[in-house]
Amino acid sequence: MEMEANGDDHGAFMEKFLLPPSPSSDHQQPQQPPLHGLTFAIKDIFDVAGRVTGFGTPDWARTHAPAAATAPAVLAALAAGATGVGKTVMDEMAYSINGENAHYGTPANPCAPGRVPGGSSSGSAVAVAASLADFALGTDTGGSVRVPAAYCGIFGLRPSHGLVSTENVVPMAQMFDTVGWFARDLPTLSRVTDVMLPPVPAAADDDAEIRRRRPSRVIIPADCFKILGSSDDDHTYEILNASAAKVFGSDAVVDNGNLGDFVSSNVPSIGKFMTDLSAVEASSSCVPPLSAISRVMRVLQRSEFKSNHAEWFNTVKPNLGPGIRERVQEAIASEDESAMDDLHAVRTEFKSALATLLKDDKILAIPTVPGAPPKLCMDAALLEDFRARAFSLLSIAGLSGFCQMKDPEKKMLTLGAKLIEWVSNKVYRASQGWRPRVRLGG
């Protein structure tokens, strides 16, 4: 069923329509399905049968046929009783974390007027923040769920890479592409998480036992909070430390060691990528080893993007908006093949090192982004500095493939202890058996 767009949707939607819950979720069940009564929005990167998936750019929509099948993540929400309300605006080809779209407009950030909503899952985040949907589906390759959640003041969960099917989702870079979701509150996020993640293996399916599991160590690395570069860093850092102590008391140790030092000592191949950092990446506002991790991830990402989309780009010659155009052109022209062995060595070492750091039920609490959302049409030089600092944080979960949750900062100030407890219980339980390492994004 089609729905008329109106001026109250904050520019979040590409198209509005109703996808009713699957028939099996309405009948023949002794109790209501888990997402009964909830509405959800769908990033325009997910296939919905019979509709064109636009991938954020008109030329993609023009050159692609309607989808033959619906993405499993969408089907899961419908089967659980939720109602789809439309496709949302996204950054072109998912190649930005700003949320600005030159063709379809920039969804208005309800939390921070005059500032970007974050991308590339911009419309999905705005739809939730503006109460246009109860939850929304997005994808996260380099931060595209975590960043808009941070900018729009809502919850966003990027589960461990590979836990949720990306079938019938337009690929950006499969090595990192991850289906994620947004919600305004923890109970809704919890319900959606239970539906979207795979069932707990039988050997680990002991709710009482899992509820008793607590982190043995909460790692809150001091250097990651210095990347915030303002008085907020100490404030947020202190809140997280106090929250961890309140929840776990003597049951857990809070570790404030520097993550950059850990990477330097435990990822030997990173040294090759420390020598050509930009002035911004090597500056005191960044953590150079984390900047190098970010660089490795971005090169791997653009290599896969090139493999996925070079033929289409060279054939269609799409009209892409500023910023996106240059980024895509750089990816298509890149020649990174000779560095692949070194890049993959860093990725393998980093995943192993982080798995060791977080073994035995440890969690890592880090900022998601380095500050407030940038202003619309921000000066390019200032934006580049912000992006460099942001990616040095975002690439920790991105390159490792581990899980990260973003909580709303204002809610963290009052719910910090509850949030950490939710992370240690709900997400741990839902993903038990695949050993994802959960992070709380401050």
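The values are calculated or read from the model by the stated rules, or taken from the named source; none is laboratory data. All values reported here derive from a predicted model rather than from experimental measurement. Every residue, glycine among them, receives a Cβ derived from its backbone with ideal geometry; neighbour counts consider all protein chains shown.
Are any residues in segment 124-156 more than 14 Å from the chain's Cα centre (by Cα) and on the phi < 0 side of the Ramachandran plot, and if so, which ones?
Val126, Ala127, Val128, Ala129, Ala130, Leu132, Ala133, Asp134, Phe135
Considering only segment 354-372, state which residues are not hydrophobic (A, V, I, L, M, F, W, C) and not in a loop (DSSP other than H, G, I, E, B).
Looking only at segment 354-372, we keep the residues that are not hydrophobic (A, V, I, L, M, F, W, C), and these are 356, 359-362, 367-368, 370-371.
Thr356, Lys362 - these are the residues of segment 354-372 that are not hydrophobic (A, V, I, L, M, F, W, C) and not in a loop (DSSP other than H, G, I, E, B).
Looking at Ala125, is it farther than 13 Å from His10 by Cα, in contact with a Pro (Cβ under 9 Å, 6 or more places away or on another chain) and modelled with pLDDT of 95 or more?
Judged against the criteria, Ala125 is not a match.
Any chance you could count how many residues in segment 313-333 are part of a loop (DSSP other than H, G, I, E, B), under 25 Å from the mean Cα position of the chain (by Cα) and surrounded by 11 or more Cβ atoms within 10 Å (Cβ to Cβ)? Break it down into steps so the answer makes sense when it comes.
Pass one, segment 313-333, residues part of a loop (DSSP other than H, G, I, E, B): 317-323.
If we keep only those that are under 25 Å from the mean Cα position of the chain (by Cα) as well, we get 320-323.
Filter once more, so that each one left must be surrounded by 11 or more Cβ atoms within 10 Å (Cβ to Cβ): 320-321, 323.
Selection size over segment 313-333: 3.
Taking the condition crowded, with 24+ Cβ neighbours inside 10 Å and of a type in the set (A, V, I, L, M), does Ala76 pass?
no
Just to check your reading of the model, which residue among Ala133, Ala125, Ala102 is in a loop (DSSP other than H, G, I, E, B), in contact with a strand residue (DSSP E or B) (Cβ under 6 Å, 6 or more places away or on another chain) and either among the small types (Gly, Ala, Ser) or touching a residue at least 24 places away in the same chain (Cβ under 8 Å) (or both)?
Ala133
Between a residue in segment 383-394 that is not assigned by TED's automatic domain parsing to the domain that holds Gly323 and any residue that is of a type in the set (Phe, Trp, Tyr) and at pLDDT 90 or above, which pairs come within a Cβ distance under 8 Å, given they are 6 or more apart or on different chains?
Note: no pairs meet the criteria.
Test Gly271 against the criterion of being assigned to a loop (DSSP other than H, G, I, E, B) and closer than 22 Å to Ala355 by Cβ, and give yes or no.
On the way: assigned to a loop (DSSP other than H, G, I, E, B): no; closer than 22 Å to Ala355 by Cβ: yes.
In short, no.
Identify all residues within segment 45-81 that are part of a loop (DSSP other than H, G, I, E, B), of a type outside the set (Val, Ile, Thr), under 22 Å from the mean Cα position of the chain (by Cα) and over 11 Å from Val169 (Cβ atoms); write none if there are none.
Gly54, Gly56
Do we find a residue being touching a Ser or Thr at 6+ places or on another chain (Cβ under 8 Å), in contact (Cβ under 8 Å) with a residue 24 or more places away in the chain and among the charged types (D, E, K, R) anywhere in segment 49-72?
Checking segment 49-72: not a single residue is touching a Ser or Thr at 6+ places or on another chain (Cβ under 8 Å), in contact (Cβ under 8 Å) with a residue 24 or more places away in the chain and among the charged types (D, E, K, R).
For segment 298-312, indicate whether the set of residues that are modelled with pLDDT of 95 or more and part of a loop (DSSP other than H, G, I, E, B) is non-empty.
There is no residue in segment 298-312 that is modelled with pLDDT of 95 or more and part of a loop (DSSP other than H, G, I, E, B).
Every residue, every condition in (1) surrounded by fewer than 24 Cβ atoms within 10 Å (Cβ to Cβ); (2) among the aliphatic types (A, V, I, L, M); (3) not assigned by TED's automatic domain parsing to the domain that holds His10, yes or no:
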| site | (1), (2), (3) |
| --- | --- |
| Gly81 | yes, no, no |
| Lys87 | no, no, no |
| Glu92 | no, no, no |
| Ser96 | no, no, no |
| Pro107 | no, no, no |
| Val116 | no, yes, no |
| Ser122 | no, no, no |
| Ala130 | yes, yes, no |
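Give segment 312-342 a look and list any residue that's in contact (Cβ under 8 Å) with a residue 24 or more places away in the chain, out of contact with any Lys or Arg (no Cβ under 6 Å at 6 or more places or on another chain) and within 20 Å of Gly142 (Cβ to Cβ), or say none.
Leu320, Gly321, Pro322, Gly323, Ile324, Arg327, Val328, Glu330, Asp336, Ala339, Met340 - these are the residues of segment 312-342 that are in contact (Cβ under 8 Å) with a residue 24 or more places away in the chain, out of contact with any Lys or Arg (no Cβ under 6 Å at 6 or more places or on another chain) and within 20 Å of Gly142 (Cβ to Cβ).
Mind listing whichever residues of segment 141-170 are out of contact with any Pro (no Cβ under 9 Å at 6 or more places or on another chain) and free of Cβ contacts under 8 Å to residues at least 60 places away in the same chain?
Ser144
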